[in-house]
1. Which ³J(HN,Hα) values, rounded to whole Hz and listed in residue order, are derived for the range 117-122 from phi using the Karplus coefficients 6.51, -1.76 and 1.60 in 6.51 cos²θ - 1.76 cosθ + 1.60 with θ = phi - 60°, glycine and proline given as x?
2. For the range 38-196, what does the convex hull of the Cα positions come to per residue, in cubic angstrom?
3. Given a 1.4 angstrom probe, I'd like the percentage of the accessible area of the chain that is carbon and sulfur, rounded to a whole number.
4. In the chain, which whole DSSP H runs stretch at least 15 Å along their own axis (Cα) and average 0.0 or higher on the Kyte-Doolittle scale?
5. If a/c stays under 1.5 just call it rounded; otherwise compare a/b with b/c (prolate if a/b is bigger, oblate if not). Do that for the range 191-265, with a ≥ b ≥ c from the square roots of the Cα gyration tensor eigenvalues.
6. Output the peptides 56-64, 12-20 sorted from most to least packed, where packing is the average of other Cβ atoms within 10 Å over each peptide's residues.
7. How much of residue 141 can a 1.4 Å solvent probe reach, expressed as accessible area in Å² and rounded to 10?
8. Identify, among 123, 212, 139, the residue whose Cα sits farthest towards the positive end of the charge dipole of the chain, taking +1 on the Cβ of Lys and Arg and -1 on the Cβ of Asp and Glu, with the dipole about the Cα centre.
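The values are calculated or read from the model by the stated rules, or taken from the named source; none is laboratory data. All of these numbers come straight from a predicted model, not from anything done at the bench. Note: ideal-geometry Cβ built from the backbone for every residue, glycine included; neighbour counts use all protein chains shown. All accessible areas refer to the heavy atoms of the entire protein, side chains included, with ligands and DNA or RNA removed. Shrake-Rupley method; radii C 1.70, N 1.55, O 1.52, S 1.80 Å.
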Amino acid sequence: METADTIWQNGEFVPWDEATTHVLSHGLHYGTGVFEGIRCYETERGPAVFRHREHLDRLQKSAELYYFQLPYSTEQLREATHELIRRNELGSCYIRPLAYRGYGNLGLYATDAPIDVIVAAFPWGVYLGEEGQRHGIRARVSSWRTISGDSLIPHAKAAGQYLNSVLAKTEATNAGYDEAILLDQYGRVSEGSGENVFVVRDGTICTPPHTAAILDGITRNSVVQIARDLGYTVEERDIARAELYLADEVFLTGTAAELVPVREVDDHPLGEPGEITRVIQAKLDDALHGRAEEYLEWLDFVERITAAA
Ligand code: PMP
């Protein structure tokens, strides 16, 4: 991975290589952490973090869902992130805030163990590759079902839950595919291992609803708004597996991947990215890079100069 100079750790800026943790930290053993994946883009007005507050709000909610409280407010984390971007002299970058239960108690009821918080920012290209973004990726429906709300909390972006994504992604990659699409416990389409899913049929854009054990993706939300603003009909509804094969177009959305067309599912060809995918992808790209007036409010601009100390 590409690195940067410094990482924000529990209120301080520490050199990248020194941002370490105790091996008996609770989160390492039980996955008791919550995190975010955020992107900052270079714009004409300098670096801008896409939907920063929404991501930090989701971080706070993920923590709350697992009964822990972050020792920093959204505003404190937002300011720390701005300063981190400045100190690392970054433009476009990926931002990874993580809050995990730290060292002090290895029992499962460990409310007295501290909550450690870090924010890292570093360069990271689009997750499924530029080629994938242009010509589409090959996806495979996973043999692993997505975690159910009966056992964990799909709405939370929690560290331990990602073992499910790791299994699905590993299976798909080992079989020669680019990404996995997981079904929920009832066999309905849920989401990718790190993206939400959209299916276009007869001009209507469909995406699984919250009841399909999805993460409430911030890119998903942005794409739904963009699509509606462009005059398309968007339906949140259950999607059958076969609809992935019968679709006119399929695409995935996520912060790391942005909007990625799918050109093949389970060896059923869908072809080169379709018209609707292209139009929405271009508009999202404009929004991310500050070229869309109507979505400027989604950008949290990073002032280049630190406020006087
Ligand atoms: N689903 C899962 C499981 C994810 O990990 C992600 C990435 N955070 C998404 C969906 C997309 O969410 P977002 O658009 O907020 O990045």
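1. Calculated HN-Hα couplings, in order: 10, 10, 10, 10, 9, 7 Hz.
2. So the per-residue hull volume is 145 Å³.
3. In the chain, the share of accessible area belonging to carbon and sulfur is 50 percent.
4. Passing helices, by number: 275-288.
5. Rounded is the answer for the range 191-265, as its axis ratio a/c remains below 1.5.
6. Order by mean packing, descending: 56-64, 12-20.
7. Residue 141 exposes around 10 Å² with every protein chain in place.
8. Sorting the options by dipole projection puts first 212.
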